[in-house]
Amino acid sequence: MVYVRIKKVKNINYAYIVESKWNKEKRTSQQITIQYLGPLAQININKIPEEYRNESTIIKFLDSHDLNFEKSRELNKSLQDVLFGKLKNYELDDLINIYNEYTKSIYSLLDFYEKLLIPVLHTIGDQWANGKIDVATEHVCSNAAITLIDLINQKNIYKKNSKSLLSSTNKPIILCTPEGELHSIACKIIESLLLEKGYDVYNITSALPINSIDSYYLDNLTPSVIIISVTLKENINSSIRFVQQIRQSFNIPIIIGGNAIRFALKSQIKVLEQYDKVYLNIEKLNDMLTYIKILMNK
């Protein structure tokens, strides 16, 4: 069973999700920390992992502290609707204002992407597939989203340069897509989150031939991690060829993520898993960031 526990440090209450487990050797119950939630005053719907939100102990804790999570859900849904409208009309000033207002208090950049922008992009894709919006509107929305992310990235680059968040000796991270993959927004979002953390990032997403990528970036930059984003399942084989090309000369860690991996054949997964330091199907952005942090510190 899981609980929320409070720890006070310098008169500030911090919350943790803990799980109670029985220790057979010591014949006693022990509490294991599952996740740090942050300051109690800043807890919101986005801080509680979805798999724990319906636990009776969690609900009881939230009720006892007057944390109105339903209000947070309604806020996110309302903002998603507004964001959708602004993307369709390419209203960049309003889009950046929504981002600024959402992230200026307790919500993070990760929250903005996971709770607002990404769900809206999924809605746009579904509506285009179902004929509810035309291809021109879909393109306008996608272009507006890319421009919004670029504006956010400019702020993160400025912060990185002014504060020197990470040492310049860190090797860069390369973001790319396999040959034939034209969907680049996922890489844009990952780039944005990495820039916020202070990493040096080279986003080289394009439909370029595979060897044109490694001819310069792999030879001269010696990256610490390569991230391959693949959206369409028909591009999984080109991802495999990309990994094979890299492994001919380099043993750099490779993370392969994206919607397509969920639909990969067992034979395709088997081919990729035979390579050392290839990590597949990291679905959550926070998991991706954790993986990168671990790999960068090795």
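In a reduced charge model with +1 at each Lys and Arg Cβ and -1 at each Asp and Glu Cβ, the chain shows a dipole moment near 1360 debye about its Cα centre. Beta-bridge orientation, the chain: approximately 55 percent antiparallel, per DSSP, counting only bridges with both partners inside. For Cα extents along the principal axes in Å, the value calculated from this model appears in (i) 73, 54, 31; (ii) 58, 55, 44; (iii) 58, 50, 30 under label (ii).
For the chain, which whole percent of the accessible surface, found with a 1.4 angstrom probe, sits on carbon and sulfur atoms? Of the solvent-accessible surface of the chain, carbon and sulfur hold 48 percent. When the surface is traced with a 1.4 Å probe over the full set of protein chains, V271 keeps roughly 50 Å² accessible. The residues of the chain expose on average 56 square angstrom of accessible surface per residue, using a 1.4 Å probe on protein heavy atoms. Legend: residue pairs K47/K86; K132/K266; K47/K104; K47/K132, Cα-Cα distance threshold 24 Å; pairs beyond threshold, K47/K86; K132/K266; K47/K132.
Calculated mean residue ellipticity, 222 nm, the chain: -14000 deg cm²/dmol, from DSSP H runs (n ≥ 4) at -39500 (n - 2.57) each, averaged per residue and rounded to 500.
Helices of the chain meeting both criteria, an alpha-carbon length of 27 angstrom or more along the long axis and an average Kyte-Doolittle score not below -0.5, with helices taken as full DSSP H segments, are 135-163.
The values are calculated or read from the model by the stated rules, or taken from the named source; none is laboratory data. Since this is a predicted model, take the numbers as computed values, not measurements. Don't worry about glycine lacking a Cβ; one is built from the backbone with ideal geometry, like all the others, and counts go over all protein chains shown. To get the accessible areas, we keep the full protein, side chains included, count just its heavy atoms, and leave off ligands, DNA and RNA. Shrake-Rupley method; radii C 1.70, N 1.55, O 1.52, S 1.80 Å.
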